[in-house]
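The values are calculated or read from the model by the stated rules, or taken from the named source; none is laboratory data. What you are looking at is a predicted structure, and each value in this text was computed from that prediction instead of being measured. Note that each Cβ is placed from the backbone with ideal geometry, even for glycine, and that neighbours are counted across all protein chains shown. Surface areas here come from the heavy atoms of the whole protein model, side chains and all, with no ligands, DNA or RNA. Shrake-Rupley method; radii C 1.70, N 1.55, O 1.52, S 1.80 Å.
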Amino acid sequence: MNAEVARKVTPRVLSLLLLAVGSWLTAGGVWLVSLGGSLYYLLSGLVTLIVALLVWWGHLLGLWLYLGLVVATLVWALAETGLEFWLLLPRVGMPLGLAVLIVLVLRPGTRPTSGVGTGNACWAGISVIATAIAVLTTAYFGSGESGVLQAAHFSLPSTPAQASAANSADAAQWRHYGRTQAGTRYVPSDQINTDNVHQLQVAWRYQTGDRPEAYPQAHNAYSFQATPLKVDDSLYLCSPRNIVIALDAETGQERWRHDPDIDASSVYMLACRGVSYHETPAADGVCSRRILVATLDARLIALDATTGERCPYFGNGGEISLLDGLGEVKPGYYLVSSPPAVVGDVAMVGGFVLDNMSVDEPPGVVRGFDVSTGQQRWAWDTGRPIEAGPWQSGQPYTRGSPNAWSLFSADEAPGLVFVPTGNATPDYFGGQRTADQDRYSSSVVALEASSGLVRWAFQTVHHDLWDYDVASQPVLVDLQIDDELVPALIQPTKHGEIFLLDRRNGEPLAAVEEQAVPRGTVPGEIYSPTQPASVGMPSLTPAPMTEKDMWGATALDQLWCRIAFQQLRYEGKFTPPGLDRSLSWPGNNGVTNWGSVSVDESRKLMAVNSSYMPLLLKLLPRDEAPPGEQISFDERGVPISPQTGTPYAISTERPFMSPLGVPCNAPPWGRLSVIDLNTRELLWQRPLGSTRDVAPLGIAIPGAFNQGGSIVTRGGLVFVAGAQDDYLRAFDINTGEQLWKGRLPAGGQATPMSFVSTRNGKQYVVIAAGGHQYMQTTIGDYVVAFSLPE
């Protein structure tokens, strides 16, 4: 193509591009305005159509008009978002790019143009483009991954030297999932601290061999969520297929492994969060020190901690079946992914019941077993009527009752175990639930470890219709309140409220209010008129979603997201599901999930990693739902769960995506916050992680969806991975500044742990790096340890 032809064809091509863009903006803008949305897209579409004609004719007025649109767009975008780069970019980026093309096509010397002031128009174009770029540049450097959203600076309290020596021995052990039964994940060592953490390097790496390619016939989703235990000089962990492994803590060398050869054929997600440890005081010999693992095929197995051999006097050949007494259990309907809680000589186990399949699902019973023999001691039937009295051996459990799938914590002094509960099945219609099934739903419940009797219960959601089950481990800490040292319990929730309770009786230590919530109109449903709000604690619940919170890669798909949002029924956090499409915000993945929170026990600072993903819901009348009791998919690939036994199936669409495959809700999608438990104030909050490893071209948008937990150390650090990029990070707990990040060989969707070696005295930070297929992170089978150089 010669130059003359190019000068004629190029404006035509640009004009057609502007025509296409303007047509969608105009048509979509009319649609959006009809739904009560913004006028901007309609007006910008009309201007773009006029400019398309003017460019076709080679008229400079087209350039002037489009420059005016860019200026108006910049003003509008700043009014909606402020100087937030990743929110400005989809609004401003496309008009800015088109303005550059128009300037290039209509600049002097490229072709004959009509109109006056050609030179002035080009200089004006350059000025407008430069201004827009300057605004974006300023926003980029002011709101990147390192931007702390809110900060309050304070001095670290001094710690007596003798305390450091006393704590070094304590820091050598990590005997429970949360280091102690309190679940604080606090490491009483300051060997790694804010001054030297930047020197951390890989000390060793280990591979379990449990990865998808090792099982080519399997079709399970894969996630490596384990937090190792550290007892004496060994680490103990489980792989996604419940393979239990013992490692030398200092070198990462394997000492033994036990493969229970689970039947995972019906398990949709492979996950094992950890194992439990118990030792019999003043005893010696086989299994005086034992490891317990609960499996995805519902067994509880006891292993000798030294050799990995099965404990011969535990159950039958070292295992018991957790299916005993549950009645009919269809394949995949019941599994255990969290480690037992052990108090005294009782091992307590809950279980996961598959969501939204039927009202007639396995019981959500919590059971206590003799840690030495495997004999059942007691059962807490979460749906049992109060008038029936405590469960007695041989009696059936209530089917479809609330389950307890996550991690328990315990206080050995009063002999209590604290259990976070889920919902009676199914989640999104509860018209058939009895008062007994609702009583302990979405609650934290204190049980007597020796008997399973309920001491107290606190409900975080009444008649839960949103799958806001309590996923986070309760965390125990003692707080100074009104000159009294009070035993407290912190209960994070999926919907972002953090409840602070007296763990002696379950009474709130921070004010809780019952607030009015919307009520639905679905025939046969029951609605709670109020829901509890923890008004005495900082809330991590996201602000109510509005149209301006919609995002997208460009203005075009952002318009699509705005239209889609305006078509949804949304009445705030507790918008009840209905026969139309509704928005659940936050969605059922939760603001917090099983990663819970970590607490600096000395300074009473709490670190919380949080996520923000909406969920779209629609109840389908039974005659419109796919037949059978299995998960189906509609024409868009959205899953439909049957909820058999109710009048409705449920469509659950997650995440809320634009046609270009990016989230419709604006970033950040993940944050890290620190809250002062003494003053009950948010000290700082910042984006956590980035999209580097999941976005096209490695684009690193700050604040990624995350799963897993954090730890805090006496050295003033918060260690956390969990995000969709493959990094373990360290933050200054005082300021929120990121001090270090270490590249992982796979996704770090697990909670790290740390210990001081009993042999060489070095502090290590260890994390399972195996990824999470649903989060699209890198899959692997690694355990990685970091330490300071010699």
Fill in: Whole-Hz couplings from phi, Karplus 6.51/-1.76/1.60, listed for the stretch 321-330; x for Gly and Pro
8, 8, 7, 4, x, 8, x, 5, 10, 6
Worksheet item: Contour minus end-to-end for THR138 and ALA20, with contour as 0.36 nm per residue of separation and end-to-end as the Cα-Cα distance?
Response: 39.4 nm
Practice prompt. Kindly write out, for the stretch 720-734 in residue order, the coupling ³J(HN,Hα) from the Karplus curve 6.51 cos²θ - 1.76 cosθ + 1.60 (θ = phi - 60°), rounded to whole Hz, with x marking Gly and Pro.
Written response: 7, 10, x, 6, 7, 9, 8, 9, 9, 10, 10, 10, 6, 5, 7
Discussion item. Averaging over every viewing direction, what projected area does the convex hull of the Cα atoms of the stretch 14-65 cover, in nm²?
Written reply: 3.0 nm²
Discussion item. Given bins 10 angstrom wide, list per bin the percent of all Cα-Cα distances in the chain, short to long.
Written reply: 3, 13, 22, 24, 18, 10, 6, 3, 1, 0
Discussion item. I'd like the per residue volume of the convex hull spanned by the Cα atoms of the stretch 252-320, given in cubic angstrom.
Written reply: 107 Å³
Response to the item:
Once normalised by the length of the chain, the mean sequence separation of its alpha carbon contacts under 8 Å that are 6 or more apart gives a contact order in percent of 13 percent
Worksheet item: Among the listed pairs LYS230/LYS494; LYS573/LYS604; LYS548/LYS573, which are separated by more than 24 Å between their Cα atoms?
Response: LYS230/LYS494; LYS573/LYS604
Fill in: Size of electric dipole in the chain: Cβ of Lys, Arg +1 and of Asp, Glu -1, about Cα centre, debye, nearest 20
2480 debye
Discussion item. Give me, ordered by chain and number, the residues 5 or more places off ALA769 or on other chains with an amide H under 5 Å from its own placed amide H.
Written reply: TYR782, VAL783, VAL784
Discussion item. So for the stretch 203-335, considering every pair of alpha-carbon atoms, how many percent are separated by more than 28 Å?
Written reply: 19 percent
Discussion item. Can you give me the % of accessible surface on the chain that is carbon or sulfur? Probe 1.4 Å, all protein chains present, nothing else counted.
Written reply: 56 percent
Worksheet, complete the sentence: Excluding residues fewer than 8 positions from LYS741 in its own chain, the aspartates and glutamates with Cα under 17 Å of it are GLU145, ASP195, ASP693, ASP725, ASP726, ASP732
Worksheet, complete the sentence: Over all pairs of different Cα atoms in the stretch 299-456, the reciprocal of the mean inverse distance gives a Kirkwood radius in Å of 15.9 Å
Worksheet item: When you count, for each residue, the other Cβ atoms within 10 Å and take the mean per peptide, how do 79-92, 239-252, 382-395 rank with the highest first?
Response: 239-252, 79-92, 382-395
Worksheet, complete the sentence: As a Kirkwood estimate from alpha-carbon pairs, the stretch 653-702 has a hydrodynamic radius in angstrom of 12.9 Å
Practice prompt. When you have a sec, figure out the Kirkwood radius of the stretch 541-587 from all distinct Cα pair distances and drop it here in Å to one decimal?
Written response: 11.3 Å
Worksheet item: Isolated Cys in the chain by the 4.7 Å beta carbon test?
Response: CYS122
Worksheet item: Taking amide H positions as placed 1.01 Å from N in the peptide plane, with prolines and chain starts having none, which residues 5 or more places from GLY595, or on another chain, fall under 5 Å of its amide H?
Response: GLY708
Worksheet item: For the stretch 340-402, what log10 I(q)/I(0) values come out of the Debye formula at q = 0.12, 0.16, 0.19, 0.28 1/Å, with one point per alpha carbon and no solvent?
Response: -0.33, -0.57, -0.76, -1.16
Discussion item. Can you give me the accessible area per residue for the stretch 277-317, using a 1.4 Å probe, in Å²?
Written reply: 43 Å²
Worksheet item: From the phi of every residue in the stretch 174-186, what ³J(HN,Hα) in whole Hz does the Karplus formula 6.51 cos²θ - 1.76 cosθ + 1.60 yield, where θ is phi - 60° and glycine or proline is x?
Response: 9, 8, 9, 3, x, 6, 10, 5, 6, x, 6, 6, 9
Worksheet item: Using a 1.4 Å probe, what is the accessible area per residue for the stretch 393-466, in Å²?
Response: 27 Å²
Practice prompt. Just subtract the alpha-carbon distance of VAL286 and GLN395 from 0.36 nm times their residue separation and send over the number in nm, one decimal.
Written response: 35.8 nm
Response to the item:
Residue span THR373 to ASN760: 0.36 nm per residue of separation minus Cα-Cα distance leaves a gain in nm of 135.6 nm
Worksheet item: Rg(Cα) of the stretch 632-750 divided by 2.2 N^0.38 Å?
Response: 1.35
Discussion item. Given the DSSP H assignment, sum -39500 (n - 2.57) over each helix run of at least 4 residues in the chain and divide by its residue total; what's the result at 222 nm in deg cm²/dmol, nearest 500?
Written reply: -6500 deg cm²/dmol
Worksheet entry | Mean Kyte hydropathy of 0.5 or more with a Cα span along the axis of at least 20 Å, helices from DSSP in the chain | 3-34, 40-57, 61-81, 85-106, 118-142
